[in-house]
Amino acid sequence: MEERDLIVIGGGPAGYVAALRATQLGGKVTLVEGKELGGTCLNWGCIPTKFLLHSTDVYQSMKFTQQYGISVEGVKIDLSRMQTCKNAVVSTLVAGLQGRLESSRVEIIKGWAKLVAANKVEVDLGKGPKQTIQARKIIIATGSKPATIPVPGANSPDILNSDGMLSLGKLPKSLIIIGGGAIGVEMATIFARLDCKVTIVELMPHCLPNQDGEIAIALEDVLREDGIQIRCNAKVSRIDDTARGKSIVYSDSAGEHKLEGESVAITTGYAPNINNLGIEECGIALDGSKIKVNERMETSVPGIYAAGDVVGGMLLAHVGFAEGKVAAEGAMGQDSRIDYQAIPQGIFSSPEVASVGLTEEEATSQGFELQIGRFPFTSNSMATILGERRGLVKIITEQKYGQVLGVHIIGLRATSLIPEAALAMKMEATFQEIAATIHAHPSLSEALWGAALDVSDQMILSSSANG
C-alpha cells in the first residue's frame, strides 16, 4: 500500500489550509471530502450569508438614495435571481479552491473517511468497495453541523436552520429566530431588510451573549430601531404547528407566552462533527463532544492531529485557518503552536459588530484596574458621509501600563476596522501608541484613534470639529 506523508479528513477552512501548507513543506498529501470543498464556511455559511447581506444592503441603499441627490424608482426584490447570483459566487470560489489544491498537487478523494488505525483511513466512495489509504500522519478537520434544541417540535422537517435559511425560494411574511448569537443576528438582518417581520428569541439576558455587554445592548437598540423584535431571558419549551405556520411557547420572568409566525428557524450554533469517524475505536480523547488537542493541535493519539470546528473553541473560519496551519506544520515535523491571544470576531449585522480581546466584564472579573475610552460614530466624518452614524468604538486598557486588553466596535464596516486592534494587541501595544499613530482623514478608522485618545481624556474631535 502506498504511504503518503499526510491524510487530511475534511476540505473546509482548516482542512484545505492544512493540505496546502503541508505541500509547501514538501509533503505528499491526500485530502478526503464527502461533500463540497470549502466546507460549511464557503458553501453554507460565511460566504453565502455575506453575499445575501451585501445584496440586502444594496437594496436598502437604493431605498434611501434621495439623501445623495439620486432618484431611483421601481426598486424591488427578486429572490430567485438573488439566490442564483449567490450560488454563482459560491461556485466560482469552490472552483478556485479546487484549482489551487490541484495545482499544489494535493490528491483529492471524494468520499467519507473513517479512521481504522493511527496511520490508516478507510474511505467510503459511495459505490464499489471501500478504499483504504495510509499515511505517516493524519489531520481530522471534519468541521461542525447545525445544532438544535431539546424541545418538542424542534426536529420537525419544516424547522429552518442556518443552511435552510440561505436557500429559501420564497420569503416568509414572518419569521421567529430562536437564538440571538452571531448567526441569528445576521439572519435577522437579512430577512428584516427583505421586509419580513422578524422576532429573535434568546435564552440569555442579551443577544450576542459572548460580546461586551455595552456593545450587545447597543446592537439590540439598533435592531429594534430597524423593526426587529427581541425577546431575551426567554426559554423555549415547545414548537407547534398552526393553521398559519408555527408557534413557539417560551417562558420568562413574567410567565409563559406564545408567539406565532409563518416560519421558525433555530440558530443556536454548531456542534462538532465527530460521528462515524472511528474516534472511539482509535482511542482519541474527547472533551465533551469535541476532540481534545494540545497547543500543537495533536490529539491524545500520537501522529493524529485535529483542527477547526471539530476541536471546539471559537468556531470561526479564520481560527480554522490558523489551527490547520499549525497542525500541518506539526505533522511535517515543525514545532508550531497555536496562539489564541488576539482573535478578531466579526458579526455582519447592520451596523456590524467586531471585537478582539477581553470584554469589560471579563477584564473586571480577572482583577484588572481599567481605563476605558469610547468614540461615537456620530462624531466621525466618514460615517456621516456614508449615512450610518450609529455605534461606537470602545477600547479597554489596564491602568498601570496602558496595555490594550480589548477593543469592541459597533458601527459601519467594523469588521474591516478590527484588524488594526488585533495587531495592536498582538504587539502588546498601549493605547498611547494607538493615539500617537496618525490616522487618515476622513476615515472610519479615526474612530479607533478617537477612542484611544479618550482613554486619557485627550479626545479632540467632536461632531462639530471633525470636518
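The values are calculated or read from the model by the stated rules, or taken from the named source; none is laboratory data. Since the structure is predicted, the reported quantities are computational estimates derived from the model, not experimental observations. Glycine gets a Cβ as well: all are built from the backbone with ideal geometry, and neighbour counts include every protein chain shown.
Scanning the stretch 382-402 for residues that are of a type outside the set (Lys, Arg) and either outside the structural domain of Phe431 (by TED's automatic domain parsing) or crowded, with 17+ Cβ neighbours inside 10 Å (or both) yields Met382, Ala383, Glu388, Gly391, Leu392, Val393, Ile395, Ile396, Thr397, Glu398, Gly402. Among the residues of the stretch 226-259, those that are of a type in the set (Asp, Glu) and touching a residue at least 40 places away in the same chain (Cβ under 8 Å) comprise Asp226, Asp240, Asp241. Among the candidates Gln399, Gln341, the residue that is among the polar types (S, T, N, Q) and either touching a Phe, Trp or Tyr at 6+ places or on another chain (Cβ under 8 Å) or without any contact (Cβ under 8 Å) to a residue 12 or more places away in the chain (or both) is uniquely Gln399.
Residues are listed down the side, and each one gets a yes or a no for (1) buried (at least 19 other Cβ atoms within 10 Å of the Cβ); (2) without any contact (Cβ under 8 Å) to a residue 40 or more places away in the chain:
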residue	(1), (2)
Gly11	yes, no
Leu25	no, no
Leu42	yes, no
Thr49	yes, no
Gln60	no, no
Gln66	no, yes
Gly69	no, yes
Glu73	no, yes
Met82	no, yes
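Is the stretch 352-374 home to any residue that is closer than 25 Å to Met62 by Cα, outside the structural domain of Ile217 (by TED's automatic domain parsing), in contact (Cβ under 8 Å) with a residue 24 or more places away in the chain and of a type in the set (Phe, Trp, Tyr)?
No, that holds for no residue.
In the stretch 86-120, the residue that is surrounded by the fewest Cβ atoms within 10 Å (Cβ to Cβ) out of those that are part of a strand (DSSP E or B) and basic (Lys, Arg) is Lys110. Of the strands (runs of 3 or more DSSP E) entirely within the stretch 344-400, those holding at least 2 residues that are more than 25 Å from the chain's Cα centre (by Cα) and not polar (S, T, N, Q) occupy 370-376.
Regarding the stretch 438-449, can at least one residue be identified that is more than 30 Å from Ile338 (Cβ to Cβ), aromatic (Phe, Trp, Tyr) and either at pLDDT below 95 or not in a loop (DSSP other than H, G, I, E, B) (or both)? Checking the stretch 438-449: at least one residue is more than 30 Å from Ile338 (Cβ to Cβ), aromatic (Phe, Trp, Tyr) and either at pLDDT below 95 or not in a loop (DSSP other than H, G, I, E, B) (or both). Against the definition (within 30 Å of Lys235 (Cβ to Cβ) and surrounded by fewer than 16 Cβ atoms within 10 Å (Cβ to Cβ)), how does Lys290 come out, yes or no? No; evaluated as a whole, the condition is false for this residue. Taken as a whole, the stretch 21-29 holds at least one residue that is outside the structural domain of Asp195 (by TED's automatic domain parsing), of a type outside the set (Gly, Ala, Ser), touching a Ser or Thr at 6+ places or on another chain (Cβ under 7 Å) and within 21 Å of Ala322 (Cβ to Cβ). If you check Ile347, Ile385, Ile396 for being in contact with a strand residue (DSSP E or B) (Cβ under 6 Å, 6 or more places away or on another chain), under 30 Å from Lys63 (Cβ atoms) and among the aliphatic types (A, V, I, L, M), only one passes: Ile347.
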